[in-house]
Amino acid sequence: MTAWADANFDHSFFPLSSGHNGLQCIACHTSGTYGTIPANCFSCHDNDYQQAPGHAGSFPTTCDECHTVTTWQNATFDHGVFPLSGGHNGPTCQQCHTGGTYGTIPSDCVFCHQADYIEAPSHVASNFPQDCETCHSITVWSNATFDHSFFPLSGGHNGLQCIACHTTGVFATIPADCFSCHQSDYNAAPDHQSLNFPRDCQSCHDTSNWQNTNFFHSFPLNGPHGGRDCGECHVSGTTEDFSCYGSCHEHTQSDAARDHSEVSGYAYDFQLCLSCHPDGRS
């Protein structure tokens, strides 16, 4: 009522802030009528959408998902569904969204890295698993590592090619006992088969070297017992069966009991024999 000029209009239902501030009404109300027009971004920015690289027919038309009212440039998108860190930081959208659409795509590595898998040495031929993150990281595709802590690759197991143990070409779990891999070593070793040596190889061998075996022999191998072949005492062909008398010495069990009658409560025990015959001699 004060003056006809300097009119004001309450535009609070659509704040004219930042990039919308200072525009002429006709810039948005392009038809020349000033009734209600759609408030969504695309209604005014259809032309911007069509001209933006890769947008038409691919990007969603909800512009405020990437753009702000401050400036049309420097758009950002919340890619929290698949963090773009490490080697995933920097590629263009089209490098992953190769179909030209920017909706949800599979997040497993091999979907994007199938070509890398195929070109990598031994991967296809050896049927490597396709869950790439088992060995690779998102930082760099090279220098892959695999956590083999369930079977430490130390000593003689260190530095071998995977195929040396996974001989079938499948890299799933294989038996962890020594004999599964070292059966040919067992068969070729002197006396092992003929004397029915146990197959728990670690009783004598370690992972450092297949040679230089060490076995704890509860019966001392000193004096005349030293340097003999196992079969001289283990005459039945089993490593568990041995006795001081009978097959090795002149006594039978009854003779030993008679000749040692002075020993109260005599009963055969090789520890008892050693108490009087410490070096195996009479």
Checklist entry - Does segment 19-39 hold any residues that are in contact (Cβ under 8 Å) with a residue 12 or more places away in the chain and either in contact with a helix residue (DSSP H, G or I) (Cβ under 9 Å, 6 or more places away or on another chain) or surrounded by 11 or more Cβ atoms within 10 Å (Cβ to Cβ) (or both), and which are they? => result GLY19, HIS20, CYS28
Next on the checklist: From the list PRO38, PRO91, exactly one residue is over 30 Å from HIS113 (Cα atoms), in a loop (DSSP other than H, G, I, E, B) and not aliphatic (A, V, I, L, M). Which is it?
Outcome noted: PRO38
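Just a yes or no: is a residue in segment 81-90 surrounded by fewer than 13 Cβ atoms within 10 Å (Cβ to Cβ) and within 30 Å of CYS181 (Cβ to Cβ)?
no
Condition check ((1) loosely packed, with under 10 Cβ neighbours inside 10 Å; (2) part of a loop (DSSP other than H, G, I, E, B); (3) of a type in the set (Lys, Arg)) across all residues:
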site	(1), (2), (3)
GLN183	no, no, no
TYR186	no, no, no
HIS192	no, yes, no
ARG199	no, yes, yes
SER208	no, yes, no
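Have a look at THR33, THR71, THR61 and point out the one that is closer than 19 Å to HIS97 by Cα and modelled with pLDDT under 90.
THR61
Could you tell me whether any residue of segment 125-137 is outside any loop (DSSP other than H, G, I, E, B) and either surrounded by 15 or more Cβ atoms within 10 Å (Cβ to Cβ) or small (Gly, Ala, Ser) (or both)? If you could, list the steps in order and put the result at the bottom.
The initial filter retains those residues of segment 125-137 that are outside any loop (DSSP other than H, G, I, E, B), namely 132-134.
Narrowing further to those that are either surrounded by 15 or more Cβ atoms within 10 Å (Cβ to Cβ) or small (Gly, Ala, Ser) (or both): 132.
Checking segment 125-137: at least one residue is outside any loop (DSSP other than H, G, I, E, B) and either surrounded by 15 or more Cβ atoms within 10 Å (Cβ to Cβ) or small (Gly, Ala, Ser) (or both).
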Next on the checklist: When you scan segment 97-107, do you find a residue that is surrounded by fewer than 10 Cβ atoms within 10 Å (Cβ to Cβ), more than 29 Å from CYS132 (Cβ to Cβ) and at pLDDT 85 or above, even just one?
Outcome noted: no
Next on the checklist: Can you say whether PHE146 is surrounded by 10 or more Cβ atoms within 10 Å (Cβ to Cβ) and either outside any helix (DSSP H, G or I) or touching a residue at least 40 places away in the same chain (Cβ under 8 Å) (or both), as far as the supplied structure shows?
Outcome noted: yes
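The values are calculated or read from the model by the stated rules, or taken from the named source; none is laboratory data. All figures in this text were calculated on a predicted structure; none of them were measured in a lab. As a convention, Cβ positions derive from the backbone with ideal geometry for all residues, glycine included, and neighbour counts pool all protein chains shown.
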